[in-house]
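Written below as structure tokens is the structure these notes are about.
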Ligand code: TMP
């Protein structure tokens, strides 16, 4: 982590319906009990400007943008999120938990749409620099289970969900590849299990890696 301050940056990643928001609320509560100030946030979004970009990305017809345009929009939203929310919170010493970060761009736009991953790496450098999450938890589960869960609760944010199952299969494989390539940063969590079991696995991972 390159931002000053003693906060840590934790990201939760995974396909649709993996249970990230429930688990983020659990982890936030646990860290707060341990005496940390915690900011829970999300991507795309997490700051007023980035939330405006989110609407462009998650609503409307699937064919609205091509993969490269999407990647640019996600990185524009991400930079605003970092500057407005994440970096100031870390600087204050808060811990930040983000529901998705740049691994989602690699998995969805890179593996899902086939956008060149070297180009995504360049965009990362431009938008984010050398800042990285301290820990990334990848909530993994079969696509059909995740899409079923997501469909049960989704309002107008259906743009990605409407993509075919083979797109989501590539996204899942992408996240697992990222985890295999960066084991020092990433931990894969089996998200098919019940909420309590997944919460305990996440708490154990955070304790093992970050001592909290
Ligand atoms: P959410 O449903 O987890 O809030 O995420 C919104 C959608 O945005 C989800 O379908 C994944 C997608 N997404 C990308 O395609 N690329 C990205 O970089 C991010 C952050 C999200």
Burial ordering of 79, 8, 117, fewest other beta-carbon atoms within 10 Å first: 117, 79, 8
Cα gyration tensor, the stretch 147-202 - rounded (a/c under 1.5), prolate or oblate: oblate
Sites residue 72 and residue 161 - FRET efficiency at Förster radius 25 Å, r taken between beta-carbons, to 0.05: 0.70
Centroid-to-centroid separation of the stretch 78-113 and the stretch 19-46 [C-alpha atoms, Å]: 13 Å
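Highest first, please rank the peptides 41-52, 184-195 by the mean number of other Cβ atoms sitting within 10 Å of their residues. Don't jump to the answer; show the numbers that get you there.
Numbers: 41-52: 20.0, 184-195: 15.9.
Going by the mean number of other Cβ atoms within 10 Å, highest first, we get 41-52, 184-195.
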Per-bin percent of Cα-Cα distances, the chain [5 Å]: 1, 7, 15, 21, 22, 17, 11, 4, 1, 0
Nitroxide proxy distance, nm - points 7 Å out along Cα→Cβ at residue 197 and residue 151: 2.4 nm
C-alpha center-to-center spacing [the stretch 128-145, the stretch 150-212] in angstrom: 6 Å
Sum of -39500 (n - 2.57) over DSSP H runs of 4+, divided by residues of the chain (222 nm, nearest 500): -14500 deg cm²/dmol
Average silhouette area of the stretch 30-143, convex hull of alpha-carbon atoms, in square nanometres: 8.0 nm²
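No lab work stands behind these numbers, since they all come straight from the coordinates. For clarity, every value in this text was computed on a predicted model and none was experimentally measured. All Cβ positions, glycine included, derive from the backbone under ideal geometry; neighbour counts span all protein chains shown.
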